[in-house]
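**Student:** Here it is, the structure in full.
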Amino acid sequence: ASIEELVALVAPDMERVNATILSRTGSDVTMIPEVANHLISSGGKRLRPMLTLAMANLAGYAGDGHIKLAASVEFMHTATLLHDDVVDESEMRRGKLSARMLWGNEASVLVGDFLLGQAFRMMVEVGSLRALDILSAAAATIAEGEVMQLAAAKNTATTEDEYLAVIRGKTAELFAAACEVGPVIANRPKAEQTACRSVGMNLGIAFQLVDDVLDYGGKSAKLGKNTGDDFREGKITLPVVLAFRRGNDTERAFWIRALERGEIGDSDLDHAIGLMNKHRALEDTLSRAQHYGDMAVDALALFPPSPMKSALEQVVAFCLARSH
Ligand code: 2DE
Ligand code: MG
Ligand code: MG
Ligand code: MG
Ligand code: MG
């Protein structure tokens, strides 16, 4: 499982997207390109803009609009990461110090705002009011998901459904919108729009489920960000929901002390991982991720076999295989 097939298929388009990204991070205010490029040139996979390009191609789109929409999607994603590391107080991102550690929280938030503004300008230039509608709604939904997460933080009574609503908003919605705008600018029938949206939504849910597993079960060096962040922040992710639900009274007391009261000692992360292993919480989170990955592949069934379609199936497999 790899993203290489997709990378190869979209390479000519992606070169244009990268050039667009570079020119639109430009500003006489030199701190803006400095901060923006720190993150944008740090070896991200460009997964979301690749999805926009792939779906436009699957939909038979022949124009230029997908380039600026893909760049917009990457700008929106970069803005969310700049803001996310402030909200999460994260120190590492993509193997480097996060922007907030180098330039501060203020600069991170403000450069994120700049990128968001530039993203919307590019969408307007493309001139598809429907694409603008989908991506602007996504921006609102992402923020909604983050606020929902804030409200659920440190609450061990959070349910699996509440957690799912959070990750649909904060992560899956951008995947969904990135995919949906492809058939939209190609003026394809509603069924194709729905199918592409569903590919993105289900892939996005799977992606975040895997991310949440890796925060406990991954290796920092490989991830390029610190593991254990979610635990230290008292974030209630699905591995926690499952381990808490399946735990005895002593174990629940541990989760409440650590996550609700934030009383965390040196060995507590290891203890948390031990409890997750005991209750198969990481494994079962990954089974759920596999289920959403399967649904993403199912949603591709509408399209006839093609190299692009099989490349997208590989991408789904890749996102799930990140976990081991
Ligand atoms: C990733 O979750 C979620 C990202 C969404 C962040 C969105 C914010 C609202 P994670 P990692 C902060 C800003 C909205 C805009 C600019 C439209 O698990 O593990 O924290 O990579 O991700 O830190
Ligand atoms: Mg984060
Ligand atoms: Mg976050
Ligand atoms: Mg995470
Ligand atoms: Mg995090």
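**Student:** Note down all Cβ pairs under 9 Å where the first residue falls in region 139-163 and is open to solvent by 80 Å² or more (accessible area, probe 1.4 Å), the second is not in a helix (DSSP H, G or I), and they're at least six residues apart or on different chains.
**Tutor:** Every condition considered, the pairs that remain are Lys154/Gly234; Lys154/Lys235; Lys154/Ile236; Lys154/Arg261; Lys154/Gly262; Glu162/Asn155; Glu162/Ile236.
**Student:** Also: Scan region 5-54 residue by residue and report those that are modelled with pLDDT under 95 and of a type in the set (S, T, N, Q).
**Tutor:** Ser41, Ser42
**Student:** Hey, another quick one. Which residues, counting only those in region 196-213, are within 15 Å of ligand 1 (Cβ to nearest atom) and either under 10 Å from Leu286 (Cβ atoms) or of a type in the set (D, E, K, R) (or both)?
**Tutor:** Ala206, Leu209, Val210, Asp211, Asp212, Val213
**Student:** What about Met122, is it open to solvent by less than 20 Å² (accessible area, probe 1.4 Å), assigned to a helix (DSSP H, G or I), more than 16 Å from ligand 3 (Cβ to nearest atom) and closer than 26 Å to Leu9 by Cα?
**Tutor:** Criteria met by Met122.
**Student:** I would also like to ask the following. Kindly provide the set of residues from region 91-104 that are surrounded by fewer than 17 Cβ atoms within 10 Å (Cβ to Cβ) and in a helix (DSSP H, G or I), ordered by number.
**Tutor:** Matches in region 91-104: Met101, Leu102.
**Student:** Inspect all residues belonging to region 199-211 and state whether any of them is in contact with a strand residue (DSSP E or B) (Cβ under 7 Å, 6 or more places away or on another chain), open to solvent by 20 Å² or more (accessible area, probe 1.4 Å), farther than 17 Å from Ala299 by Cβ and within 15 Å of ligand 2 (Cβ to nearest atom). Quick ask: steps written out before the conclusion?
**Tutor:** Let us first name the residues in region 199-211 that are in contact with a strand residue (DSSP E or B) (Cβ under 7 Å, 6 or more places away or on another chain), namely none.
So far as region 199-211 goes, no, none of its residues is in contact with a strand residue (DSSP E or B) (Cβ under 7 Å, 6 or more places away or on another chain), open to solvent by 20 Å² or more (accessible area, probe 1.4 Å), farther than 17 Å from Ala299 by Cβ and within 15 Å of ligand 2 (Cβ to nearest atom).
**Student:** Go through region 226-272 and give me each residue that's away from ligand 5 (no atom under 16 Å from the Cβ), among the aliphatic types (A, V, I, L, M) and open to solvent by 40 Å² or more (accessible area, probe 1.4 Å).
**Tutor:** Across region 226-272, the qualifying residues are Ala253, Ile256.
The values are calculated or read from the model by the stated rules, or taken from the named source; none is laboratory data. On a predicted model such as this, the values are computed, not experimentally measured, just so you know. Ideal geometry is used to build each Cβ from the backbone, glycine not excepted, and the neighbour counts take in all protein chains shown. Remember, those area values only see protein heavy atoms, side chains included, never the ligands or the DNA or RNA. Shrake-Rupley method; radii C 1.70, N 1.55, O 1.52, S 1.80 Å.
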